[in-house]
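Only one structure is covered here, and it is reproduced in the block below.
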Amino acid sequence: MHSAMKTLKPKSILGAALLFIGVQLQNCKKEAANAPAPLPAKGMYALINDTAWTAVTVTASLEYNGTGKVFTCRGTMDNKIIQLTAIQNSATAGNNFPVGPANGNFDSFGYYILPIHRALTEQNPTSGTTAGASLVITAIDTANRLISGTFAFPQADTAYDAVGNVTAVQNNLITNGFFKQVHYVYTP
């Protein structure tokens, strides 16, 4: 009598097992490729129009101008720059800055694409009083001169023609921004 079923040979079982393993490994690679990159432990990071941006270089300074202090933090990656400025009026000299929300009346936020002044385009800083703009100093270590904080702000590039008429407006939204453990230079 003929058997309706063929017996599987060891080579075909091995081949099927290898094929199954290969497919599973490809699925793991796809999942790993889609996983978000870990957030940096130090430096500056933000989402620019929902796209992750991590600064390659970050500089910060705190300057006492005789009546107040100006804190500036600037991050750069490729041709994109984010610059934050906070002003503390009626302050005394010292390398400290208040922890908490910055005073929106004097703060400004900038998102710039180099060159900063393209032909017929102005990239203006966003005022700290603009809806959706915030800067919060979350920690400051005056002994080691390290500062951390969070930020978010809208920004617009406006293109003008030769006569000064607006020809286009590109709106950008910077969210989930933070700077962590950034060394700052103090100038009395």
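Numbers for the structure displayed
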| quantity | calculated |
| --- | --- |
| Tally of residues being polar (S, T, N, Q) and touching a residue at least 60 places away in the same chain (Cβ under 8 Å) across the stretch 164-185 | 4 |
| Whichever residue in the stretch 160-178 is small (Gly, Ala, Ser) and part of a strand (DSSP E or B) and, among such residues, is farthest from Pro101 (Cα to Cα) | Ala168 |
| Test for Ala139: is it modelled with pLDDT of 80 or more and assigned to a strand (DSSP E or B) | yes |
| Neighbours by Cβ (under 7 Å, 6+ apart or cross-chain): first from the stretch 53-80, touching a residue at least 60 places away in the same chain (Cβ under 8 Å); second part of a loop (DSSP other than H, G, I, E, B) and among the hydrophobic types (A, V, I, L, M, F, W, C) | Leu62/Phe97; Tyr64/Ala93; Phe71/Phe97; Gly75/Ala55 |
| Hits in the stretch 79-114 - residues which are of a type in the set (Gly, Ala, Ser) and surrounded by 15 or more Cβ atoms within 10 Å (Cβ to Cβ) | Ala86, Ala91, Ala102, Gly104, Ser108, Gly110 |
| Residue within the stretch 113-126 that is in a strand (DSSP E or B), modelled with pLDDT of 85 or more and over 17 Å from Arg74 (Cβ atoms) present | no |
| Members of the stretch 53-78 that are part of a loop (DSSP other than H, G, I, E, B) and either out of contact with any strand residue (DSSP E or B) (no Cβ under 6 Å at 6 or more places or on another chain) or at pLDDT 95 or above (or both) | Ala55, Val56, Asn65, Gly66, Thr67, Asp78 |
| Single residue of Phe151, Phe106 found to be aromatic (Phe, Trp, Tyr), touching a residue at least 24 places away in the same chain (Cβ under 8 Å) and closer than 26 Å to Gly94 by Cα | Phe151 |
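Results for (1) in the same structural domain as Phe71 (by TED's automatic domain parsing); (2) at pLDDT below 95; (3) in a loop (DSSP other than H, G, I, E, B), shown as yes or no for each residue.
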residue: Gly110; (1), (2), (3): yes, yes, no
residue: Thr129; (1), (2), (3): yes, yes, yes
residue: Ala143; (1), (2), (3): yes, no, yes
residue: Thr150; (1), (2), (3): yes, no, no
residue: Thr158; (1), (2), (3): yes, yes, no
residue: Lys180; (1), (2), (3): yes, no, no
residue: His183; (1), (2), (3): yes, no, no
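The values are calculated or read from the model by the stated rules, or taken from the named source; none is laboratory data. All values reported here derive from a predicted model rather than from experimental measurement. Counting neighbours? That spans all protein chains shown, and the Cβs are built from the backbone with ideal geometry, glycine included.
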